[in-house]
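See below for the structure under consideration.
The values are calculated or read from the model by the stated rules, or taken from the named source; none is laboratory data. Note that the structure is predicted; figures quoted are calculated from it, not measured. Positions of Cβ are backbone-derived with ideal geometry, glycine not excepted, and every protein chain shown enters the neighbour counts.
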Amino acid sequence: MTSTIESRKQEIRRIVCETLEIDPDELTDTSSFRDDHDADSLRAIEIVAALEEGLGIKIDQSELSRMVDLAGVYTVVSEAYDRT
């Protein structure tokens, strides 16, 4: 189970880094997508779309406000998996 969670987190990190066009070393669990990585609202929507496509889940647009950093994304994705 732990390896599944860790592999999911690695995939989420990969998707977010690819979407933000940043090196994985630049991204921490708490670095702000907007303040630290210059992501605008369009980029946030791109992250949601990439996560949905890459992970086969559905994320409601209302969750965007919680997805401000990697930790928030982990939580939202975990909840999306719990609903499936």
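The single condition among (1) basic (Lys, Arg); (2) surrounded by 16 or more Cβ atoms within 10 Å (Cβ to Cβ); (3) free of Cβ contacts under 8 Å to residues at least 24 places away in the same chain that Arg14 does not meet is (2). Screening Val77, Val73, Val48 for residues that are free of Cβ contacts under 8 Å to residues at least 24 places away in the same chain, surrounded by 13 or more Cβ atoms within 10 Å (Cβ to Cβ) and either part of a helix (DSSP H, G or I) or among the acidic types (Asp, Glu) (or both) leaves exactly one candidate, Val48. Just one of (1) touching a residue at least 40 places away in the same chain (Cβ under 8 Å); (2) of a type in the set (Val, Ile, Thr); (3) not in a helix (DSSP H, G or I) fails for Val68. It is (1).
Can you confirm whether Thr75 is within 17 Å of Lys9 (Cα to Cα) and touching an Asp or Glu at 6+ places or on another chain (Cβ under 8 Å)? Outline the logic, then answer.
Values: within 17 Å of Lys9 (Cα to Cα): yes; touching an Asp or Glu at 6+ places or on another chain (Cβ under 8 Å): no.
Answer is no for this residue.
In the set (1) assigned to a helix (DSSP H, G or I); (2) at pLDDT 95 or above, the condition left unmet by Ile5 is number (2).
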